[in-house]
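Q: This structure is in structure tokens; I'll ask about it shortly.
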Amino acid sequence: MTIRHGCFFSYARGRHALMNKFKEQLAEAIRCYLEPHFDNEDELFMDTEQLGGGDDLDRKIARAMCESVSMILIYTPKYEAHSYTRREFAAMQMLEVQRGRWYALPSHLIIPVIMTRHPLKLPDQITKSGLYVDFSRYTMATPDLKSNPDFLPDIEKIVKRIAIQYQYQKMYTPAGHDCNQFMLPDVPPVWRDSPDLYFPPK
């Protein structure tokens, strides 16, 4: 299997400035600090064309996920309400199980980044993922994330997690593994209707 991306960005689409600004600034910060850790791979994959489901889109997304070291999940309450983002989450869980058969994973593959907290509570799928970072204090007035000392420690945690996973994956992924066979799962249940769906402790 060829590694092509450091991380797959999974997020619900936003129409207005706050969500779009956050996504772009976080992506730029990850690119900036992850680049020195990689050989020739792209730092991240972000699908900018998703308009809905469909076989071609599903194949494109599934392949990009399979060729990614990890996944950054930008959490807002909207994320858990969308069937497509829940499918992406479930797909990366499947990849984690698969890779866990090849080698002892140093950490979970999904890194939740909290952009907006749920008004009641965060779902178990986020809080029990092993690591999540809270950026919910981000606003339109927040300076650029890649040079913002308030957020750099969390960005460094994310980058370190991906960089370690990258080295393990380079060493232990079986030769000839084919990402063309990987597919997105069917739509999982709504998270809050299925509190037992979360990563086991690691």
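Q: For the stretch 132-150, name all the residues that are touching a Phe, Trp or Tyr at 6+ places or on another chain (Cβ under 8 Å) and aliphatic (A, V, I, L, M).
A: 145
Q: Condition first: more than 27 Å from residue 84 (Cα to Cα) and of a type in the set (Asp, Glu). Now tell me which residues in the stretch 155-186 satisfy that.
A: The answer is 156, and nothing else.
Q: Looking at 123, 112, which one is open to solvent by less than 10 Å² (accessible area, probe 1.4 Å), touching a Ser or Thr at 6+ places or on another chain (Cβ under 6 Å) and farther than 15 Å from residue 19 by Cβ?
A: Numbers: 123 fails: touching a Ser or Thr at 6+ places or on another chain (Cβ under 6 Å).
Within the list 123, 112, the selection yields 112.
Q: So the check is Cβ under 6 Å with 6+ separation or different chains; which pairs have a first residue in the stretch 164-184 that's without any contact (Cβ under 8 Å) to a residue 60 or more places away in the chain and a second one that's not β-branched (Val, Ile, Thr)?
A: Correct list of pairs: 164/106.
Q: Count, please, the residues in the stretch 8-35 that happen to be open to solvent by less than 10 Å² (accessible area, probe 1.4 Å) and in a helix (DSSP H, G or I).
A: 6
Q: Would the stretch 180-196 turn up any residue that is among the hydrophobic types (A, V, I, L, M, F, W, C), under 16 Å from residue 111 (Cβ atoms) and at pLDDT 90 or above? Don't jump to the end; show me each part of the working.
A: Filtering the stretch 180-196 down to residues among the hydrophobic types (A, V, I, L, M, F, W, C) leaves 182-184, 187, 190-191.
Keeping just the survivors that are under 16 Å from residue 111 (Cβ atoms) gives none.
No, the conditions are met nowhere in the stretch 180-196.
Q: I would also like to ask the following. Being open to solvent by 10 Å² or more (accessible area, probe 1.4 Å), out of contact with any Ser or Thr (no Cβ under 8 Å at 6 or more places or on another chain), part of a loop (DSSP other than H, G, I, E, B) and under 25 Å from residue 189 (Cα atoms) is the filter here, so list the residues in the stretch 126-152 that pass it.
A: The answer is 128, 132.
Q: Considering only residues that are among the hydroxyl-bearing types (Ser, Thr, Tyr), over 15 Å from the mean Cα position of the chain (by Cα) and modelled with pLDDT of 95 or more, which ones fall in the stretch 1-38?
A: First, pick out the residues of the stretch 1-38 that are among the hydroxyl-bearing types (Ser, Thr, Tyr): 2, 10-11, 33.
Filter once more, so that each one left must be over 15 Å from the mean Cα position of the chain (by Cα): 2, 33.
Across the stretch 1-38, the qualifying residue is only 33.
Q: Output yes when any residue across the stretch 61-82 is surrounded by fewer than 18 Cβ atoms within 10 Å (Cβ to Cβ), aliphatic (A, V, I, L, M) and assigned to a loop (DSSP other than H, G, I, E, B), and no when none is.
A: So far as the stretch 61-82 goes, no, none of its residues is surrounded by fewer than 18 Cβ atoms within 10 Å (Cβ to Cβ), aliphatic (A, V, I, L, M) and assigned to a loop (DSSP other than H, G, I, E, B).
Q: Among the residues in the stretch 39-59, are any part of a helix (DSSP H, G or I), more than 12 Å from the chain's Cα centre (by Cα) and at pLDDT 95 or above? Talk me through it step by step, then tell me what you get.
A: Going residue by residue through the stretch 39-59, those that are part of a helix (DSSP H, G or I) are 55-59.
Among the residues that remain, those that are also more than 12 Å from the chain's Cα centre (by Cα) are: 55-59.
Within this subset, residues satisfying the condition of being at pLDDT 95 or above are none.
No, because not a single residue in the stretch 39-59 is part of a helix (DSSP H, G or I), more than 12 Å from the chain's Cα centre (by Cα) and at pLDDT 95 or above.
Q: Condition test on residue 96, is it in contact with a strand residue (DSSP E or B) (Cβ under 6 Å, 6 or more places away or on another chain) and either surrounded by fewer than 17 Cβ atoms within 10 Å (Cβ to Cβ) or among the acidic types (Asp, Glu) (or both)?
A: Details: in contact with a strand residue (DSSP E or B) (Cβ under 6 Å, 6 or more places away or on another chain): no; either surrounded by fewer than 17 Cβ atoms within 10 Å (Cβ to Cβ) or among the acidic types (Asp, Glu) (or both): yes.
When the stated conditions are applied, residue 96 does not pass them.
The values are calculated or read from the model by the stated rules, or taken from the named source; none is laboratory data. Not measured: the values here are computed from a predicted model. Counting neighbours? That spans all protein chains shown, and the Cβs are built from the backbone with ideal geometry, glycine included. Heavy atoms of the whole protein, side chains included, go into the accessibility calculation; ligands, DNA and RNA do not. Shrake-Rupley method; radii C 1.70, N 1.55, O 1.52, S 1.80 Å.
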